[in-house]
Amino acid sequence: MEREHDERPWGSYTVLEDAPDHKVKEIVVNPGRRLSYQRHARRAEHWFVVRGDGYVVLDDRELEVHAGDAVDIAVGVAHRIGNKGDADLVFVEVQHGDYFGEDDIVRLDDDYGRVDT
């Protein structure tokens, strides 16, 4: 079975599982890069950092994260993760909810010009 994989300006992701009530992704964030500051209306997320050093922003509150750390993101909470190290930051994202489409992403800020209006 071929897994869904996508390259993004900040790194890449690979879908490990896609079920009706959850989705699991491995996400790689390149050094010095960060994902968009975003929120979701229909899913919560749990992030487990596997490798690297970075930071997570939850509703404008910044936390440092390292390998072994976990972060829970409730539905509707604005969030982003960034890599502040010199090697890849790798984390596993478990999405839980009733819909996992890319159109449930509302981008509030983005380094790559993908902000929603």
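Tabulated data
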read-out	value
Value in Å of the Kirkwood radius, where region 5-74 supplies the Cα pairs that are averaged	13.3 Å
Förster radius 35 Å - calculated FRET efficiency between ASP88 and ALA41, Cβ distance, rounded to 0.05	0.70
Spin-label model distance (nm) - TYR99 vs ASN30, 7 Å beyond Cα toward Cβ	3.2 nm
Rounded to whole Hz, the Karplus (6.51, -1.76, 1.60) HN-Hα couplings of region 101-108, x for glycine and proline	x, 5, 7, 8, 9, 10, 7, 8
FRET efficiency for MET1 and VAL77, using Cβ-Cβ distance with R0 set to 35 Å, rounded to 0.05	0.60
Size of electric dipole in region 5-109: Cβ of Lys, Arg +1 and of Asp, Glu -1, about Cα centre, debye, nearest 20	200 debye
Pairwise Cα inverse-distance average, inverted: Kirkwood Rh of the chain (Å)	14.3 Å
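No value in this document is a laboratory result; all are computed from the given coordinates. Fair warning: this is a prediction, and the values are worked out from it, not measured in the lab. Ideal geometry is used to build each Cβ from the backbone, glycine not excepted, and the neighbour counts take in all protein chains shown.
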